[in-house]
Amino acid sequence: MEVTYKVHREDPENGGESSFSTYQVDLPEDATVLDGLQKIRDEQDDTLAFRASCCQGTCGECAVRINWRAQFTCTTKIADVTKKGPEILCAPVRNIPVIKDLVFDMDKFTWDKMAAMKPWMEPEDEFAPTENLIPESEMADVRKTMSCYQCGLCDEGCAVLPVDFDFLGPGAMVKGYRFVMDPRETGARKEERLAVVEQPKGLWDCVHCYEANGKCARGLEPSSKIMEMRDVSFKHGIKNEKVARHHNSFINSVKQTGWLDERKLVMETEGLTNIGGLMKLVPTAVRAMTRGKMPGRHEKRPGADQIKRIIEKAEESK
Amino acid sequence: MPEYDVLVIGGGAAGLRAAIAAKRAGASVALLSKVHPLRTNSALSPGGINAPLGSDDSVQKFADDIMNAGDGLCNSEAVNALAAEAAREVVWLERVGVPFNRDADGRIDRRALGSGSVERAAYADDRTGHTVLHVLHEQFQRYDIPCFKEWFVTSLIQDAGACTGAVALDHRSGRIESFSAGAVILATGGFIQAYRPCTAAVGTTGDGLALGYDMGVGLADMEMVQFHPTVYNATRTALISEATLSAGARLVNAAGDTVVDAAGLSRAQLAAAVDKAGRNGGGPVSLDLRPVENLTSRFPGAAEVVRLMAGLDITQVPVPVQPVAHRAMGGLDANASGETSVAGLFAVGECAHSGVHGAGRMPGNTLTEAVVFGKRVGEAAAAHAKSAGARSASTDQAARDGGRLAEITSGGSSGDTMGTIHRELGEVMHANLGVTRSDAGLTEAQEKIRTLRERHGKLRVGNKSRIFNYALTSYIELGNMLKLAEAVALAARGRNESRGAHLRSDFPERDDTSWKAHTVVHQQDGAPKLDRKAVSA
Amino acid sequence: MKYAFYPGCVAKGGCPELYTAAVKVAEKLDIELEEMSDVACTGAGCMPTHLSDPINARTFAKAEQMGLPIMTICSTCQGVFSQANHRLQDAEYREEINREYLAEEGLSYQGTTEVKHMLWVLFEDLGVDKLKSLIQRPLEGLKVSPFYGCFLRRPGPIMVPTKEVGGRRGYLEDLTQLLGAENVDISGKTKCCGFPVLTANEESSLGMVAKHAGESKQNGADCMVTPCPLCHLNLDGNQPRAESLKGEKINLPIIHLPQLLGLALGFDADEMQLGKHIVSTKAVNDKVDMLT
């Protein structure tokens, strides 16, 4: 079938301006988007740069945006992306500096952030003669998590990265999860693992918008994994002080009255002795007051005692 | 000029393991790879990693099975090393993080791969290669080893007969640089991309074999090319682990009747049987996975890859399969420590021929080989580097390589293309150097390869850039594959017997009188020359 | 039509105008509300699930006793509820929570409570025809950017679980049009507003406010409408701070979903308490005034 490729171009040796090139390509019905790109490079334009490796959806090397949706060129069939018209648009994934055409900076995008997870084990008994004895039920989730390609599709969908490129992103968090949840990382090592994922620009910078869940080609639900790690972090004591104050204030408020005291939450989060932090809140508070928006007296709800009982019991359960 | 004790070329499982071992042995190490380590062909190995971990298993049994599968061409020193050190390596992998599937006692579970007599393959679902590769890369990062990724090696440096470094092109900056080293380890993988179809990643183009061959190292047993029996193949391929057969999957015809009984067959025999059944007029052979219990939880990778590449649901319909070129057993002639005939040049993994696989590799031994020999070769290279004298590597060679690249990129289109030549090469390799061969077919293949080499020699690349110029590197890769294809055809034509993966329709019997020997191809005056070499007992 | 009404903390605290508008609008639409006054905050994603699941199970059990589905007016409440309710469909888990936490109070959750955001109620229970029939003042000429935020649409398998409710991906646009207003699309309409990260990374949070509100303004919108009061707190309440961070004026009114609805149903700006917003809604008020 005859299709039209419209491919993003950017050449660092020629000013780095971005533009699009258009190619007509004749391909078999069951061809992939990658087949077409390879054919273009072979027959029409050998300056076109794009990455690929395994060609069977196994390695994660060929992520690009096809018709604005990020996916792998090697597993995307042209028939599936030309239903609305014969044009196939290929552009680099979002949130990431381009080096050339469809080749982008994986160092900044993924590898450096993965490395920030200190992604290796250093067991004391590394050279023990036999393996760790671990039930399959405790290993399965880690193994599934390790099927992560480290392709960057989840980062591509991240809501934080466009406003803060230093955010470590869901991909690195999934790598962190693999260690936080590994039954072989116990005791002090588990605490270290949590400290690593809770580093600035890490776990607590996620907005849990659940975008990443829908992006993962392996169905690993990165957003849910972040939330699971937050649950673990909570049980072990949140290591980010401001976040810890926020969460503790939140829970105390619900425990004491059944519902959230926003005013108290805002002040306790800053820290009641943190004068600078509290001063920053003043303009917002003044604006709210002049609009009659400041919450009134925070009344205890009926049922609050039951709510308190439940939360306290649940707190013991950890 | 960057200078290291040990320079590892290739970022797959064998290269990473070698780099870690060399570093632990006290050497300064760097790794060069034309793709990021996690994108290498090792990630594609699904089934498992063999080690005699079961209480019903032993080092001796493992060694015997390997010798048996190798059909008389195994070097016993290499086999014994593999069998003896496999368990320790697999246990180490578990200790440093591979989340292997567990048995009821919480130990590493084992399963049979294909017709393996014993349940011997440790596995991580059916993504074992992927998972092992990722953990090796984790450990590689732990040792803070410099990683020059997306650097393409253009030549090895030779000084007074020894290998003392390499020259490489950085895809990202376009810079050509010389690296000086006390020892160089080639861990660049096989050359299966010379076949179409094939199961390997696009970079599996035999670059390391060609580099060593150009330096005078012999290529051993190049005719021994393993075909994987259960591969879906259309415009793209999808490999399904043979472990599915041991788990109850059946090979059936269009009517659903079993056409091949896999029990007791070696991989080569199974490939031949599937190939034959496919030509018998009963329609294409399909792999019916539906009888496998807990299919999608045991084989999630197979379910995924077949869905993606074939658009089929393995829980609902049988998947058409055929034997597809999968794994080279031939490679750079090396001993069980990876040493080649050139001092300071080592080879490991699929690019190496240590004689461990003989004429037939047992499924599950690729990953075992990568880690066992990776460690051995990394340590041997570190020891060599310590004993080697002062090294010199001039920058002249980088300039010379720069000139060669400029020559390659001096042209425009001539009507012919690299893709066309690659496709024609792959087709003749599949047809004439495939599951069964004959003298007529091999002669035809030699002629075809010769004309393809000529056509390649006339081609030039129009893209003059050095930055992510994949046309340029593809040109070099295609040249490498053509050169190696010539050696494969020569060796295959020479071995007029049938043994292991090498089946000759005109010589159907094994001939131990003449051919209990390795073929070795050397390059002389630019032409391949065939010798034979005794199998070490 | 009757619901157990769960207004959430913010509608009773920082955004009282949302509560007022929702109650007035419901009455006009013949949606009977019985407010749940003795149940807990959902946890809003700030409480770990081992604390929030039990208190949410309690809320669901109470609604079950009332024999009513729950209606929320906050996407965050809705999202946390939906996820908790999803986990509580596991009978074993539910029984554990009943036994450990609810039994003492004589409660037991059977897993049958339905939880719906007001936006869903409009389309799935009330129906488009009924809604149309009640419009007294089509909002012709008003340019509105729908802003979903995160929790009404994701995680997809939980928030939009079946094809029958696939419309949830477009209710906000549908509603804006149905009310006679004009949709002004922005690229981030299903993205995060930034509120959840206000604590950990304020700059990032305010950056999102500037991005969404700025784009909407640039595309010519008179206002933005949101089904989530937390989005409102950030997009409206922190818009001045986002402006100073970026050094540019945005000045885009942010309207709660029931407020927009209320204007079309004939309420005036005062009744919908638009005056309580941080960013002045004058541009909206003026346009709406011209329509009457």
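The values are calculated or read from the model by the stated rules, or taken from the named source; none is laboratory data. Remember, predicted model here, so these are calculated numbers, not experimental data. Positions of Cβ are generated from backbone atoms using ideal geometry, with glycine treated the same way; all protein chains shown enter the neighbour counts. With ligands, DNA and RNA removed, areas are computed over all heavy atoms of the protein, side chains included. Shrake-Rupley method; radii C 1.70, N 1.55, O 1.52, S 1.80 Å.
How large is the Kirkwood hydrodynamic radius of region B:1-40, counting all unique pairs of alpha carbons, in Å?
In region B:1-40 this quantity evaluates to 10.2 Å.
Quick one: Debye curve from the alpha-carbon atoms of region A:68-206 only, equal weights, vacuum; give me log10 I(q)/I(0) at q = 0.10, 0.19, 0.20, 0.22 Å⁻¹ to two decimals.
-0.45, -1.12, -1.19, -1.33
Select from B:Thr188, B:Thr230, B:Leu209 the residue farthest towards the positive end of the dipole of region B:182-280; place +1 on Cβ of Lys and Arg, -1 on Cβ of Asp and Glu, and compute about the Cα centre.
It is B:Thr230, whose Cα lies furthest towards the positive end.
Quick one, can you get me the convex hull of the C-alpha atoms of region A:2-103 expressed as volume per residue in Å³?
Working: hull volume 9.7 nm³, N = 102.
In region A:2-103, the Cα hull volume divided by residue count equals 95 Å³.
Restricting things to alpha carbons, tell me how big region B:39-89 is in terms of Rg and Dmax, in Å.
Rg, Dmax (Cα atoms, Å): 12.4, 36.
Over the Cα atoms of region A:161-244, each weighted equally, I'd like the Debye log10 I(q)/I(0) at q = 0.10, 0.16 Å⁻¹, rounded to two decimals.
The Debye formula, applied to the Cα set alone, gives -0.22, -0.57.
Using a 7 Å offset from the Cα along the Cα-to-Cβ direction at both B:Arg24 and B:Tyr143, what is the distance between the two label points in nm, to one decimal?
Distance between label points: 0.7 nm.
Given a cut-off of 12 Å, what percent of all Cα-Cα pairs of region C:248-291 lie beyond it? Don't jump to the answer; show the numbers that get you there.
Working: 548 of 946 pairs.
Cα-Cα pairs in region C:248-291 separated by more than 12 Å: 58 percent.
Give, ordered by residue number, each residue of region A:236-253 whose 1.4 Å probe accessible area is reduced by a minimum of 10 Å² on adding the remaining protein chains to the chain alone.
A:Lys242, A:Val243, A:His246, A:His247, A:Phe250, A:Ile251
Please report, as a whole percent, how much of the solvent-accessible surface of region A:2-103 comes from carbon and sulfur atoms (probe radius 1.4 Å).
44
Can you report the principal axis dimensions of the protein assembly as shown using only the alpha carbons, biggest first, rounded to whole angstrom?
Projected onto the principal axes, the Cα atoms of the protein assembly as shown cover 101, 66, 63 Å.
Run the dipole for chain C about the Cα centre, Lys and Arg Cβ at +1, Asp and Glu Cβ at -1, nothing else charged, and hand back the magnitude in debye, nearest 20.
720
Below 8 Å between Cα atoms, with a sequence gap of 6+, how large is the relative contact order for chain B in percent?
Relative contact order here is 22 percent.
Convert each backbone phi in region A:40-56 into a coupling constant with the Karplus relation 6.51 cos²θ - 1.76 cosθ + 1.60 (shift: θ = phi - 60°), then list the ³J(HN,Hα) values in order as whole Hz, x for Gly and Pro.
4, 5, 6, 10, 10, 8, 7, 8, 6, 10, 8, 9, 6, 9, 6, 6, 9
For a test of the definition: using alpha carbon positions, the gyration tensor, and the 1.5 limit on a/c, classify region C:1-61 as rounded, prolate or oblate.
Cα axes put region C:1-61 in the oblate bin.
Would you mind giving the three semi-axes, in whole Å and largest first, of the ellipsoid equivalent to region A:127-198 according to its Cα gyration tensor?
Values for region A:127-198, descending: 28, 15, 9 Å.
Under the rule of -39500 (n - 2.57) per DSSP H run of 4 or more residues, summed and divided by the residues of chain C, what mean residue ellipticity at 222 nm is obtained, to the nearest 500 deg cm²/dmol?
Rounded to the nearest 500, it is -12000 deg cm²/dmol.
When each pair of different Cα atoms in region C:106-258 is counted once in the 1/r mean, what is the Kirkwood radius in angstroms, to one decimal?
Taking every pair of different Cα atoms in region C:106-258, averaging 1/r and inverting gives 16.6 Å.
Bin by bin, in steps of 10 Å, what percent of the Cα pairs in region B:423-469 do you find, going until the bin that has the longest distance?
Going out from 0 Å in 10 Å bins, region B:423-469 shows 24, 37, 22, 14, 3 percent.
Nearest 100 Å², what total accessible surface is buried between chain B and chain A (probe 1.4 Å)? Before the final figure, lay out each step's value.
Details: alone 19990 and 17980 Å², together 32360 Å².
Roughly 5600 Å² of accessible surface disappears when B and A pair.
Check every DSSP H run in chain B and write down those whose alpha carbon atoms cover 20 angstrom or more along the long axis and whose mean Kyte-Doolittle hydropathy is -1.0 or greater.
In chain B, the long hydrophobic H runs are B:76-95, B:128-142, B:365-387, B:418-432, B:470-494.
With solvent modelled as a 1.4 Å probe, how much accessible area in total do chains C and A shield from it at their shared surface, in Å² to the nearest 100?
So the buried area, both faces added, is about 4900 Å².
Once the Cα gyration tensor of chain A is found, what semi-axes does its equivalent ellipsoid get, as square roots of 5 times the eigenvalues, in whole Å, sorted largest first?
Working from the Cα gyration tensor, I get semi-axes of 45, 27, 18 Å.
Dividing the convex hull volume of the alpha carbon atoms of region B:302-356 by its residue count, what do you get in Å³ per residue?
Measuring per residue, one finds 122 Å³ for the Cα hull of region B:302-356.
If amide hydrogens are placed 1.01 Å from N in the peptide plane, which non-local residues have theirs closer than 5 Å to the one on B:Arg532?
Distant-sequence amide H within range of B:Arg532: B:Val520.
Treating only the Cβ atoms of Lys and Arg (+1) and Asp and Glu (-1) as charged, compute the dipole magnitude of the protein assembly as shown about its Cα centre; round to the nearest 20 debye.
1320
Based only on the alpha carbon positions, what is the Kirkwood hydrodynamic radius of region A:205-259, in angstrom?
After inverting the pairwise mean of 1/r, the radius is 12.8 Å.
Rank A:Val286, A:Met267, A:Thr257 by how far each Cα sits towards the positive end of the charge dipole of region A:241-317 (+1 on Lys, Arg Cβ; -1 on Asp, Glu Cβ) and give me just the farthest.
The listed residue farthest towards the positive side: A:Val286.
Enter the accessible area of B:His36 (Å², nearest 10), with the probe set to 1.4 Å and all protein chains included.
10
Beyond 27 Å between alpha-carbons counts as too far, so tell me which of B:Lys149/B:Lys483; C:Lys132/C:Lys287; A:Lys215/C:Lys62; C:Lys62/C:Lys116; A:Lys83/A:Lys113; B:Lys464/B:Lys529 fall in that bin.
A:Lys215/C:Lys62; A:Lys83/A:Lys113; B:Lys464/B:Lys529
Along the three principal axes, how long is region B:131-193 when you take its alpha carbons, biggest first, rounded to the nearest angstrom?
Each principal axis gives a Cα extent; for region B:131-193 these are 40, 31, 27 Å.
Quantify, in whole percent, the carbon and sulfur part of the accessible surface of chain B (1.4 Å probe; protein heavy atoms only).
48
Once Lys and Arg get +1 and Asp and Glu get -1 on their Cβ, which of C:Gln65, C:Gly149, C:Tyr93 lies farthest toward the positive end of the dipole of chain C?
Of the options given, the answer is C:Gly149.
Determine the per residue accessible area of region B:1-62 with all protein chains present and a 1.4 angstrom probe, expressed in square angstrom.
Accessible surface, normalised per residue, equals 26 Å².
In whole Hz, what ³J(HN,Hα) sequence does region B:498-507 give by Karplus (6.51, -1.76, 1.60; θ = phi - 60°), x for Gly and Pro?
With the stated coefficients, region B:498-507 comes to 10, 7, x, 6, 9, 10, 10, 5, 8, 9 Hz.
How much accessible area per residue does region A:241-317 have, counting only protein heavy atoms and a probe of 1.4 Å, in square angstrom?
53
How big is Rg to Rh over chain C, alpha-carbon atoms, Rh as the Kirkwood inverse-mean-distance radius?
Taking Rg over the Kirkwood Rh, I get 0.97.
Given the protein chains as shown and a 1.4 Å probe, how many square angstrom of B:Arg24 are accessible, to the nearest 10?
Its heavy atoms expose roughly 120 Å² to the probe.
Could you tell me the extents of region A:250-318's C-alpha atoms along the three principal axes, largest first, rounded to whole Å?
Principal-axis extents of the Cα atoms in region A:250-318, largest first: 40, 25, 13 Å.
What's the carbon and sulfur percent of region A:277-318's accessible surface, probe 1.4 angstrom, rounded to a whole number?
So the carbon and sulfur contribution to the accessible surface is 57 percent.
Accessible area per residue, 1.4 Å probe, Å², for region A:149-230: what's the number?
In whole numbers, region A:149-230 has 25 Å² accessible per residue.
Any idea what the alpha-carbon Rg over 2.2 N^0.38 Å comes to for chain B?
0.92
At 222 nm, what value in deg cm²/dmol follows for chain B if DSSP H runs of at least 4 each add -39500 (n - 2.57) and the sum is divided by all its residues, to the nearest 500?
Details: 15 runs with 198 residues, N = 537.
Estimated from H runs of four or more residues: -11500 deg cm²/dmol.
Once you've got the GNM for chain A with C-alpha springs shorter than 10 Å, pick whichever of A:Leu133, A:Leu34, A:Leu48 has the biggest mean-square fluctuation.
Comparing A:Leu133, A:Leu34, A:Leu48 in a Gaussian network model of chain A, the most mobile one is A:Leu133.
Given 10 °C and 1.306 mPa s, how large is the Stokes-Einstein diffusion coefficient of region B:1-136 in µm²/s, with Rh as the Kirkwood radius over Cα pairs?
D, rounded to a whole number, is 98 µm²/s.
Using a Gaussian network for chain C with springs between C-alpha atoms less than 10 Å apart, which of these wobbles most: C:Thr112, C:Thr199, C:Thr281?
Ranking C:Thr112, C:Thr199, C:Thr281 by mean-square fluctuation puts C:Thr199 first.
Please report, in cubic angstrom per residue, the volume enclosed by the convex hull of the alpha-carbon atoms of region C:1-147. Present the calculation step by step, with values, prior to reporting the outcome.
Values: hull volume 17.8 nm³, N = 147.
Spelled out: Cα convex hull of region C:1-147, divided by residues, is 121 Å³.
With 24 Å as the cut-off, how large is the P(r) tail for region B:254-403, expressed as percent of Cα-Cα pairs?
When every Cα pair of region B:254-403 is considered, 57 percent fall beyond 24 Å.
In terms of the ratio Rg/(2.2 N^0.38 Å) built on C-alpha atoms, what value belongs to region B:262-342?
So the Cα radius of gyration is 1.51 times the expected 2.2 N^0.38 Å.
With a 1.4 Å probe and all protein chains in place, put B:Glu119, A:Glu198, B:Glu85, C:Glu92 in order of accessible area, largest first.
C:Glu92, B:Glu119, B:Glu85, A:Glu198
Leaving ligands, DNA and RNA out of it, work out the accessible area of A:Trp68 with a 1.4 Å probe and give it in Å² to the nearest 10.
We get 140 Å² for A:Trp68.
With n ≥ 4 as the cut-off for DSSP H runs, can you work out [θ] at 222 nm for chain A, using -39500 (n - 2.57) per run divided by the number of residues, rounded to the nearest 500?
Helix contribution divided over all residues of chain A: -11500 deg cm²/dmol.
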